[in-house]
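Laboratory data are not the source of any read-out in this text; all were calculated from the coordinates shown. Worth saying up front: this structure is predicted, and the values here are computed from it rather than measured. Note that we place each Cβ from the backbone using ideal geometry, even for glycine, and neighbour counts take in every protein chain shown.
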Amino acid sequence: MLKPFPSIFRQITEAAKGLGLEENMASSSSSGLTFKLHPLVIVNISDHYTRIKSQSLPPPSTPHAASASNGATSDSSSPPPQPPPRVFGCVIGVQRGRTVEIFNSFELLYDPSTHSLDRAFLEKKQELYKKVFPNFYILGWYSTGSDAQESDMQIHRDLMDINESPLYVLLNPSINPAQKDLPVTIYESELHVIDGIPQLIFVQSSYTIETVEAERISIDHVAHLKPSDGGSAATQLAAHLTGIHSAIKMLNSRIRVLHHYLLAMQKGDIPCENSLLREVSSLLRRLPAIESEKFQDDFLMEYNDTLLISYLAMFTNCSSTMNELVDKFNTAYDRHSRRGGRSAFI
């Protein structure tokens, strides 16, 4: 089961506690810009990579299928492991003077054959984000990997018509327990003369972790979502889903046993046992119990009661807000009337 990088979450939490603590990394950029990275961007990239990797994994084979194809695949070698997938997206934020603050990110579609991004999808996402965050601009893009690749420069050039100097956020998905720094690197592009030819190259830049109160609370909550035994292999949610999956799998196997037994009894392979048939019939009669008319009436009544409570709570909040507004208006109008010799009319 894939894990959404719990070690990264813990590192984010530690970095968030020391606001303004600069990452210890060699900086070779000469732009003089100050980069501030919010934890939400790291969480988004990590979640994007985890989902894409889980979708690219082959489905687990059942024991029956594995035993049936054991003889056919005993002589063939196992397929080589697939390289880890790469994900791509844009980072958005604001730039105030020489300070660049990266607040959020969104995913993009990538065409590996042309090493380019889907431009129509990018423009549509940019338009939607502009409606929600009018002050945010596309600052650059992100990807995953251990280091920048040659094909990354082509994507970087394609984004220069949106931002003349985009930045590149690279997340290394490989987990290294001995690493204390965040596996995130920010690159800028600079024009260097190499062998007499001007070329754009990536240069590494330093950054700081910047958080707000809501981010600190959420990241701390995610970082502590782990089993009580202290293990970091799974979260509480993963353990809960694993238990549900095991229960459904066991129920499915029991139903399959009954189905095979009834088929064999119908074909005459095994003798008919009336007592066992009555037990199976009694078990099956319980299944359509929730389809009764009484169940539908009770369900709709409880559902309507829940909606009514929600509406009452909403009306109560609206009334409270209106009362506060009336009190403030009366207070302000009363002060005005004292100066002019008039009384409040509410």
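So here's what we get for this one:
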| read-out | value |
| --- | --- |
| Loop GluC sites (Glu not before Pro), region 119-150, which have at most 10 other Cβ atoms in a 10 Å radius of their Cβ (DSSP) | 150 |
| Computed over region 105-144, Cα set: Rg, Dmax in Å | 11.1, 34 |
| In region 82-138, trypsin sites (Lys or Arg not before Pro) in a DSSP loop with at most 13 other beta-carbon atoms within 10 Å | 98 |
| Residue list for region 83-122, given a label point 7 angstrom along the Cα-to-Cβ vector of residue 131 and an amide N cut-off under 17 Å | 121-122 |
